[in-house]
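Peer 1: So that we are looking at the same thing, I have put the structure below in structure tokens.
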Amino acid sequence: MCAAKAITGNLFERRTVSVLPPLPLAGPYDYVVPDGLDIEPGDFVEIPLGRQTQRGVVWGDARGDVDPAKLREIYGVLPVPPMGAVARRFIDWVSAYTLSPQGAVLRMGMSVVDALDAPKPVFRFGLARGITESDHAVRLTPARKRILGFLRDHPFMDQADILRESGTGPSVLKGLVDAGLVKREQMAPPSPFSPPDLTIGRPDLSPDQETAADFLCEKVEASRFSTILIDGVTGSGKTEVYFEAVRMALSLGRQVMVLLPEIALSAQWLQRFRDRFGVEPALWHSEVGQARRRETWRAVADGSAQLVVGARSALFLPYKNLGLIVVDEEHEHAFKQEEGVIYHARDMAVARGHLGGFPVMLASATPSLETLANVEAGRYERVVLGQRHGVAVLPSVEIVDIRVDKPERLRWITPTLKKRLIETFAAGEQAMLFLNRRGYAPLTLCRACGHRFQCPNCTAWLVEHRAWGKLQCHHCGYTAKIPDTCPACGAEEKLAPCGPGVERLYEEAIQTFPDLKIEVATSDNISGPKAAAALVDRVHNHEVDLLIGTQILAKGYHFPMLTLVGVIDADLGLAGGDLRAAERSYQLLTQVAGRAGRGERPGTVLLQTADPTNRVIKAIAAGDRDAFDQVELSERMKYGMPPHGRLAALIVSGKKENEVDEAAWRIGRAAPRGDGIVVLGPAPAPLSLLRGRFRRRFLLRTDKSVKVQAVIQEWLARVKTPGSVRVQIDIDPYSF
Ligand code: ADP
Ligand code: ZN
């Protein structure tokens, strides 16, 4: 064995390296560097893999786990800037933290592998130096003279410009190149992203904002890792303040990444951004087209895209010199990726800052309890903006007890809310009704036999969408026609909608206010940036009196004339056994309430509830976030749940229920024991049937000192499960 190795070592005295391909199950594999090829870690290369040609990144030294005689050669280096060491270490870190293969993590930043192709060359032409026309026995036709004359005044132009300006054809230009009078040079294609304008003055900041902005700018200048929570009430100017930090980072020549929970709905934010920096940022999210993605990927890699605004996947782009990350609305669930590599973008952003040695800023009016605990422990710093900007004040919040102040039968607007709406419209102001339920009714029921329409693929009711005449599952998208007769008992015309969705609320609103302009906004009709921008315009131009919508209206929008927000069912988010429910509901309702009274006129929020003593409702009405957070933190402490302990989930899923149960049973028998480790489950996962897969869940709760990843790895190594059953690992699950 040893001898064989020595011999092959002699035969193959060539350099070997490991290369990571962006494939879901891959780690780095060893390759031989062919003679004469200059290769550094981080280079993008082409490799043979199985029968295919793949692209990958040179990860580092060879691992040495395969006989060098069996290794294949790298084909060549691709013409793109190499991936920096920090970006590579970040991928390793995310892989180790989430227990996902490195290739799966790399893939998230290489969704446009063809960005690695050499871009189409661009040529420019100029006069060849040291040669004058008289040196040559070249016949100078008038057309040739026009080109030479033009190039004398305009050195190095591209072909299209030259031909247009001189009124000649390509063969004339080629003739001059062949004769040596004009030379042709290849140049890098221009970056599609202009550098930001840093001379635009900042707005006059209030003293509080000024203090906060100065603090953030110092952090950027220090060029060291730190995490800062920008904790400010809705409308306090958090965005204005972090824009100052962005400007500082740009002026120091660093790239900046801003993560937003839903870019498609951020029309207003983008407009403010353009106003402040005079350019379009590089956008990175699922709706950016392929061609634009390619350009963006390259511009991020070569550093010419200085500002990137993206959804969570922007974290994995190969930045050249990233120097600041801002995570806006850091508490948002949208930052959690729940499929494939399961991760929370906020936490990964902090890790990225740590590896890169730069500050990470988290902004929110309702920070997550995890972030608040990190502030309390001194790991994160905090700046506070306690007041709304200018004359705007926080809205007053009133509770409407629907058990006393009853709406009419099959109606959802209480008499009190109706009265306030009338007053608001009489004053020429706008109002919003919030109901976090798409469609007409959340449940359809047969009044003869009680049959309910359930999704065949999920544990979920089908939701009636009257506008389309369909029943739809909101988890898998399954649709069915609404039948005339009950499929269970055959009764005719007995099917009845149960409870309200926004469509049904709209019906009530137009009957109540026939003369008003009323509009519904949900992800069904406001799904992209265009639709969102158009909606913003309509509200600004007062083409809408009353907006009815779901949580898409909760975020970020600034409508100065909107003074009344009615929450139709404040109890909606509080149901369910999830320990995060109170926190989530508090955040959502605070954000919704935050839409009221952002201009000069003060706002009012009415919370319709059947449970007015609930602590979430009470805390929002009292505007007492600290009290709520303290109660909630002690509640979590009682159960040893995050942010106190550590938590991970295993989701066991498959198409056959008995196989899933059998696998879960075996995994359960191998469950780890030990100090500070508790395993709960298996239990049906929150959606025990999802897209046709049965799901069981384990929760692993440990003390902070336990290395939860190692525990899980050892645990799963002890069990064999059939290939038809999948086990997903969710470190720091959002719901528990
Ligand atoms: P937040 O992000 O905290 O909700 P924003 O930054 O969106 O707050 O500010 C709320 C509104 O107040 C925005 O329309 C913003 O342009 C305006 N605003 C905030 N601070 C200032 C300031 N210093 N000067 C002018 N307008 C400001
Ligand atoms: Zn479904």
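Throughout, read-outs are computed from the coordinates displayed, never taken from laboratory work. All figures in this text were calculated on a predicted structure; none of them were measured in a lab. Quick reminder, even Gly has a Cβ in these numbers, built from the backbone with ideal geometry, and neighbours come from all protein chains shown.
Peer 1: Let's see if you can work this out: charge +1 on each Lys and Arg Cβ, -1 on each Asp and Glu Cβ, no other charges. What is the dipole magnitude of the chain about its Cα centre, in debye to the nearest 20?
Peer 2: 1660
Peer 1: Something else now. Roughly speaking, what is the stretch gain from A427 to D204, that is 0.36 nm per residue apart minus the C-alpha to C-alpha distance, in nm to one decimal?
Peer 2: Length difference between fully extended and current span is 77.2 nm.
Peer 1: Determine the alpha carbon to alpha carbon distance for each of K238/K336; K145/K183; K470/K494 and list only those over 20 Å.
Peer 2: Long pairs (Cα-Cα over 20 Å): K238/K336.
Peer 1: Between A670 and S724, 0.36 nm times their residue separation minus their Cα-Cα distance comes to what?
Peer 2: 17.5 nm
Peer 1: Please tell me the relative contact order of the range 645-731 in percent, rounded to the nearest whole number, where contacts are Cα pairs under 8 Å and at least six residues apart.
Peer 2: 48
Peer 1: Could you pull out every one of the lysines with an alpha carbon less than 16 Å from that of K419, ignoring same-chain neighbours closer than 8 positions?
Peer 2: K406
Peer 1: Further question: Using r as the Cβ-Cβ distance of F123 and K470, and R0 as 45 Å, what FRET efficiency do you calculate, to the nearest 0.05?
Peer 2: Values: r = 56 Å, r/R0 = 1.23.
Between F123 and K470 the formula returns 0.20.
Peer 1: Counting helices only, and only those DSSP H runs with n ≥ 4, report the 222 nm mean residue ellipticity of the chain as the sum of -39,500 (n - 2.57) divided by its residues, in deg cm²/dmol to the nearest 500.
Peer 2: Theoretical 222 nm ellipticity from helices: -9500 deg cm²/dmol.
Peer 1: Can you give me the Cα centroid spacing of the range 149-200 and the range 294-373 in angstrom?
Peer 2: If we compute the Cα centre of each part, the gap is 39 Å.
Peer 1: Please compute the modelled spin-label separation between H542 and L716, points set 7 Å along Cα→Cβ, answer in nm with one decimal.
Peer 2: Here the modelled spin labels are 5.9 nm apart.
Peer 1: Sticking with this structure for a sec: How large is the dipole of the range 695-736 about the Cα centre if only Lys and Arg carry +1 and Asp and Glu carry -1, each at its Cβ, rounded to the nearest 20 debye?
Peer 2: Details: 9 positive and 4 negative charges, 42 e Å.
The calculation lands at about 200 debye.
Peer 1: What distance in nm separates the simple spin-label points at R452 and D275, each placed 7 Å from Cα in the Cβ direction?
Peer 2: 4.7
Peer 1: Ok, one more. Treating only the Cβ atoms of Lys and Arg (+1) and Asp and Glu (-1) as charged, compute the dipole magnitude of the range 16-110 about its Cα centre; round to the nearest 20 debye.
Peer 2: Around 400 debye, computed over the range 16-110.
Peer 1: Taking R0 as 56 Å, what FRET efficiency do you get between R139 and W93 from their Cβ-Cβ distance, rounded to the nearest 0.05?
Peer 2: 0.25
Peer 1: Could you please state, rounded to a whole Å, how far the C-alpha centre of the range 520-556 is from the C-alpha centre of the range 241-257?
Peer 2: What the calculation gives is 30 Å, centre to centre.
Peer 1: Does a label point 7 Å from the Cα of D38, set along Cα-to-beta-carbon, have any residues of the range 80-105 with amide nitrogen under 17 Å, and which are they?
Peer 2: The answer is 80-83.
Peer 1: Using r as the Cβ-Cβ distance of S523 and D158, and R0 as 56 Å, what FRET efficiency do you calculate, to the nearest 0.05? Present the calculation step by step, with values, prior to reporting the outcome.
Peer 2: Values: r = 44 Å, r/R0 = 0.79.
In this case the efficiency is close to 0.80.
Peer 1: Towards the positive end of the charge dipole of the chain, with charges on Cβ (+1 Lys, Arg; -1 Asp, Glu), say which of M157, C486, Q630 has the farthest Cα.
Peer 2: Working it through, the farthest residue towards the positive pole turns out to be C486.
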